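The next block holds one structure in the form of structure tokens; read it before the comments.
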Amino acid sequence: MIHPLLPKLRQLKLSAMALTLDVRAAQAVERHLPPTEFLGLLLDDELERRTQQRLARRLAQSGCNPQKTLAHFDFDAAPGINRTMVQELSTCAFISRHENVLLCGPSGVGKSHLANALACEALKREFRVLSRPMHRLIADLHTARGNGSHRRLMMRVLSVDLLVVDDFGLQSLPAQGAQDLYEIISERYERHSIIVTSNRSLQEWGEVFGNDLLASAGLDRLTHHAHTLVIRGESFRQMSRRKEHASPPET
């Protein structure tokens, strides 16, 4: 890694080009590449590094889990899932159309994983994403009221291209929380997309608000222009636990 260009590349913050300069130079000699093609390879290295850095920043800011992607999802263990629909959603065209995605089913069938995986696909396409469990989102808004950051947080919640609300209805909402949730759904309606996961049936979602009027108005907006995926089956966690117990002890 001793080359007169290295200090200049680092000074220009072209670190990926600096890291691969010797390798690319050797390739250029071996393949008899013209100077422009050699330069193109170096530029590709730098562009890829910057793309990966941006993705890493967006992942960290979004709250998504980079390990829970579509590549890591076991479709064979969930044969009831409409795989064609999931693949279509993974194109993120629904975000451009400001549509919602509703993932329903019992605990442990992969709802949160799929929601996170779709959010990761959105991040790759440089959409702005925020992912939170519902109880944490409401709690963060409550805390923000006390420290003066509520407006800034709510603006972020309302303006991201994709908001993922995990475990909708898992815990009951306080009155202010129901108001916040309604405001989020109402303000994002036909402007930005929401992915919601819930182990409650759609017929039970109204109970989450504790207010019939808010529930009716909010859910009407949430379910309009929505893709609904109901997942049935046995918990992945329970199947994994049984496999572990069934495995013969190591000798």
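Of all the criteria given as (1) in a helix (DSSP H, G or I); (2) touching a Lys or Arg at 6+ places or on another chain (Cβ under 8 Å); (3) at pLDDT below 95, the one not satisfied by A215 is (2).
The sole residue among R152, R156, R221, R200 that is of a type in the set (K, R), farther than 25 Å from R97 by Cβ and part of a helix (DSSP H, G or I) is R152.
Determine whether T36 is without any contact (Cβ under 8 Å) to a residue 24 or more places away in the chain, out of contact with any strand residue (DSSP E or B) (no Cβ under 7 Å at 6 or more places or on another chain), in the same structural domain as Q53 (by TED's automatic domain parsing) and not charged (D, E, K, R).
Values: without any contact (Cβ under 8 Å) to a residue 24 or more places away in the chain: yes; out of contact with any strand residue (DSSP E or B) (no Cβ under 7 Å at 6 or more places or on another chain): yes; in the same structural domain as Q53 (by TED's automatic domain parsing): yes; not charged (D, E, K, R): yes.
It is true that T36 is without any contact (Cβ under 8 Å) to a residue 24 or more places away in the chain, out of contact with any strand residue (DSSP E or B) (no Cβ under 7 Å at 6 or more places or on another chain), in the same structural domain as Q53 (by TED's automatic domain parsing) and not charged (D, E, K, R).
Quick check: anything in region 59-76 aliphatic (A, V, I, L, M), closer than 24 Å to T228 by Cα and surrounded by 12 or more Cβ atoms within 10 Å (Cβ to Cβ)?
Yes, region 59-76 has at least one match.
Quick one: would you say R97 is closer than 30 Å to A119 by Cα, within 16 Å of the chain's Cα centre (by Cα) and of a type outside the set (S, T, Y)? So R97 does not fit the description; no.
If we keep just the residues of region 184-197 that are assigned to a helix (DSSP H, G or I) and touching a Leu at 6+ places or on another chain (Cβ under 8 Å), which is farthest from V165 (Cα to Cα)?
First, the residues of region 184-197 that are assigned to a helix (DSSP H, G or I): 184-188.
With touching a Leu at 6+ places or on another chain (Cβ under 8 Å) added as a condition, the list becomes 184-185, 187-188.
Working: I184: 11, I185: 11, E187: 15, R188: 13 Å.
Only one residue tops the list, namely E187.
Filtered by the rule that a residue be modelled with pLDDT under 95 and either touching a Leu at 6+ places or on another chain (Cβ under 8 Å) or not assigned by TED's automatic domain parsing to the domain that holds P79 (or both), region 113-133 gives a lone residue, K124. Does E121 satisfy the condition of being free of Cβ contacts under 8 Å to residues at least 12 places away in the same chain and not in a strand (DSSP E or B)? Answer is no for this residue.
Please indicate, with yes or no, whether at least one residue in region 11-21 is assigned to a helix (DSSP H, G or I), exposed (fewer than 13 other Cβ atoms within 10 Å of the Cβ) and among the hydrophobic types (A, V, I, L, M, F, W, C). Give the steps one after another, and end with the answer.
Of all residues in region 11-21, those assigned to a helix (DSSP H, G or I) come to 11, 15-21.
Filter once more, keeping what is exposed (fewer than 13 other Cβ atoms within 10 Å of the Cβ): 11.
Narrowing the set further to residues that are among the hydrophobic types (A, V, I, L, M, F, W, C) leaves none.
No, that holds for no residue.
The residues of region 72-89 that are within 21 Å of L222 (Cβ to Cβ) and part of a loop (DSSP other than H, G, I, E, B) amount to a single one, N82.
Of the residues examined, E30 is not one that is part of a helix (DSSP H, G or I), modelled with pLDDT of 95 or more, out of contact with any Asp or Glu (no Cβ under 7 Å at 6 or more places or on another chain) and acidic (D, E).
The values are calculated or read from the model by the stated rules, or taken from the named source; none is laboratory data. Values in this document were obtained by computation on a predicted structure and should not be read as measured data. Glycine also receives a Cβ, built like all others from the backbone with ideal geometry; neighbour counts cover every protein chain displayed.
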